[in-house]
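A quick write-up on the structure given underneath.
Read the figures in this text as sums done on the coordinates, not as results from a lab. Just so we're clear, the structure is a prediction, and the values are computed from it rather than from any experiment. Methodologically, a virtual Cβ is constructed for each residue, glycine included, from the backbone with ideal geometry; neighbour enumeration extends over all protein chains shown.
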């Protein structure tokens, strides 16, 4: 059986996405994940923080992944949420041109999922500050997605996102579910939401799209891998 190698572009201060990715792939012996980091330490709209997502360090990290002959390179981060989806579209195109490897991102995969499921009115749960949250709402609206309800924790330091508890994530989702959105996005790849998705979907009968899970979805879809081999991490894989 030919193995599938997934390359992940990873924020340097992220401690959630790697173990969560391995947890999601543990029952797929033919799939391996490989990670390349570039510096991201905080999330905000300040010029220096926006510069963290300049495509030069991202492309350098992508080229290192290409050395491992990965089958797909995925940006496992949510910066396109506030910078606009065209940033991710351009990044994917540059990765394909420079490395010859297929590319996807967590955010582009989320939009693919929502489109396929006819979800246009969603809830949004993030750890971010209010100004970043507002930018995400505007960016999603530009792509035809109406965020009808949102919760955010007002955090800025990227490492701190990983310290958000299951109880806090569950509480945000429970509050959003009251508004009956088409789905809820747990939007941050350093937020440990993926392992909660199965129970939250059952409790509220609403699709929950976690950002680490959407990154995996994007990788598998881009390579034609059978999505249904992943279970317990969301209706997106059904």
(message) Explain nothing, just the number: relative contact order of the stretch 109-210, from Cα pairs under 8 Å at least 6 residues apart, as a whole percent.
(response) 31
(request) Determine the relative contact order of the stretch 49-167: mean sequence separation of Cα pairs under 8 Å and six or more apart, normalised by residue count, in whole percent. (result) 22
(request) Taking every pair of Cα atoms in the stretch 167-238, average 1/r, invert it to obtain the Kirkwood radius, and report Rg/Rh to two decimals. (result) 0.97
(request) Please order 8, 22, 172 by the number of other Cβ within 10 Å, starting at the fewest. (result) 22, 172, 8
(request) Taking the Cα atoms of the stretch 1-97, report the difference between the largest and smallest coordinate on each principal axis, in whole Å and largest first. (result) 46, 29, 20
(request) Project the alpha carbons of the chain onto their principal axes and report the range along each, largest first, in whole Å. (result) 46, 43, 32
(message) Could you work out the percent of alpha carbon pairs in the stretch 110-238 separated by over 19 Å, rounded to a whole number?
(response) 45
(message) With 10 angstrom as the radius, rank 169, 216 by how many other C-beta atoms surround their C-beta, starting from the fewest.
(response) 169, 216
(request) May I ask you to sort 17, 85 by Cβ crowding, counting other Cβ atoms within 10 Å and putting the fewest first? (result) 85, 17
(message) Taking 8 Å as the Cα distance limit and 6 or more residues as the minimum spacing, I'd like the relative contact order of the chain as a percentage.
(response) 22
